[in-house]
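The next block holds one structure in the form of structure tokens; read it before the comments.
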Amino acid sequence: MKEYKLLYQIKTLEKLIGRMFIYNDMSDSLIHLTPTQMQIIEYILLNQKENIYQKDLESILNLRRATVSGVLQTMEKNQLISRIIDPNDSRIKRIILNPASQKIFNNHEKIIEEIEKIIIKDISETELSQFLIIIQKMQNNLKLVAKKERN
């Protein structure tokens with residue numbers, strides 16, 4: 001039976017992608033967004049008409065409460081977001097973007113697009129489609145195991 005060492009390959013790819021972010025010129029922004037921060041900002045931008053709470057982000061991003069809480073604290077410290085008390089329920093806080101977030105997000109999104117172009121160079125649409133199907137199946141497999149462990 002062939003040993004794939006798939007996890008090593010995935011980790012290597014992740015490191016190479018991380019290095020691309022480091023080497024990319026982001027000097028116009030003093031704040032370097034993490035992928036999770038990018039996802040949060042993008043979600044809020046796409047759902048501006050909705051009230052967004054921490055529990056929404058936990059569910060959408062499939063992250064634990066403590067993880068999202070820590071990310072939001074950092075974002076608040078960096079003045080990317082504000083948390084305001086919900087007028088209907090004083091126990092929870094709505095998450096809103098601060099004006100600088102959009103500009104920083106746009107700069108980072110351009111970098112992501114450039115890196116994605118590099119990553120998919122010489123990969124056909126069919127191969128990319130198959131890869132996305134496979135990676136989704138892998139994610140679902142891990143989610144199933146995590147769900148069983150919680151029960």
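By a 1.4 Å probe calculation restricted to protein chains, MET38 has an accessible surface near 20 Å², given to the nearest 10. Ordering ILE95, LEU45, SER69 by the projection of their Cα atoms onto the charge dipole of the chain, which places +1 on the Cβ of Lys and Arg and -1 on the Cβ of Asp and Glu, puts SER69 at the extreme positive end. Mean-square fluctuations from a GNM of the chain, with a 10 angstrom spring cutoff on Cα atoms, peak among ILE17, ILE95, ILE111 at ILE17. For the chain, relative contact order (Cα pairs under 8 Å, six or more residues apart, normalised by length) works out to 21 percent.
Over all distinct Cα-Cα pairs of region 79-140, the Kirkwood formula returns a hydrodynamic radius of 15.3 Å.
If R0 is 30 Å, the Cβ-Cβ spacing of ASP86 and MET38 corresponds to a FRET efficiency of close to 0.75. Checked against a 23 Å cut-off, the cross-linked pairs LYS55/LYS77; LYS49/LYS93; LYS93/LYS137; LYS5/LYS147; LYS55/LYS103 give Cα-Cα distances beyond that limit for LYS93/LYS137; LYS5/LYS147; LYS55/LYS103.
Go ahead and set up a Gaussian network model of the chain, Cα springs under 10 Å, then flag whichever of PHE21, PHE131, PHE105 fluctuates most. Its mean-square fluctuation being the largest, the pick is PHE131. Accessible surface computed residue by residue for the chain, with neighbouring protein chains in place and a 1.4 Å probe, gives 79 Å² per residue. Counted without the sites themselves, the longest stretch of the chain free of trypsin sites (Lys or Arg not before Pro) in a DSSP loop having at most 10 other beta carbon atoms within 10 Å is 6-48. When the Gaussian network model of the chain links Cα atoms closer than 10 Å, the mean-square fluctuations of PRO35, PRO99, PRO87 top out at PRO87. Multiplying the residue separation of TYR53 and ASN107 by 0.36 nm and subtracting their alpha-carbon distance yields 16.9 nm.
The values are calculated or read from the model by the stated rules, or taken from the named source; none is laboratory data. Every value quoted in this text rests on a predicted model; they were computed, and no experiment measured them. Note: ideal-geometry Cβ built from the backbone for every residue, glycine included; neighbour counts use all protein chains shown. The protein model used for the area step is the full one, side chains on, heavy atoms only, and it has no ligands, DNA or RNA in it. Shrake-Rupley method; radii C 1.70, N 1.55, O 1.52, S 1.80 Å.
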